[in-house]
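Only one structure is covered here, and it is reproduced in the block below.
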């Protein structure tokens, strides 16, 4: 079982009061999968180092959601990433290890 994480950017709001009709764009940060290292989506984010990914996540506090629509704090996603560091990983044509973290360079979900 895995969970995808996204940064949501609101692009339109139909109702300022209730938010109904709100449209947004999503940038896929990465995926946490049971027993595997967290896989960052370098293709979607354009970020290619752990420092850049940390900055991106911190800059978007309050706009990070999991695939189920739940808002996720920076602390939650960082602890998820760090807990997964002991997991399995494979380097392939679409992934690279950067400072011990896994970055994916092709679309995935």
The listed residue being touching a residue at least 40 places away in the same chain (Cβ under 8 Å) and either at positive phi or assigned to a strand (DSSP E or B) (or both), out of 24, 6: 6
Close pairs from region 48-73: first touching a residue at least 60 places away in the same chain (Cβ under 8 Å), partner part of a loop (DSSP other than H, G, I, E, B) and surrounded by 15 or more Cβ atoms within 10 Å (Cβ to Cβ), Cβ under 9 Å, at least 6 apart: 65/72; 66/72
Elements of type strands (runs of 3 or more DSSP E) in region 48-109, at least 3 residues being closer than 22 Å to residue 35 by Cα: 95-98, 101-104
Candidate set from region 63-99 (those that are touching a helix residue (DSSP H, G or I) at 6+ places or on another chain (Cβ under 7 Å) and surrounded by 12 or more Cβ atoms within 10 Å (Cβ to Cβ)); member that is nearest to residue 11 (Cα to Cα): 64
Those residues of region 32-58 which are surrounded by fewer than 20 Cβ atoms within 10 Å (Cβ to Cβ), closer than 14 Å to residue 5 by Cβ and in contact with a strand residue (DSSP E or B) (Cβ under 7 Å, 6 or more places away or on another chain), in sequence order: 33, 44, 45
Residue list for region 34-47, filter: in contact with a helix residue (DSSP H, G or I) (Cβ under 8 Å, 6 or more places away or on another chain) and part of a strand (DSSP E or B): 36, 40
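Coordinate-derived values only; no laboratory data. Source: prediction; values computed, not measured. FYI the Cβ positions are ideal-geometry reconstructions off the backbone, even for glycines, and counts take in every protein chain you see.
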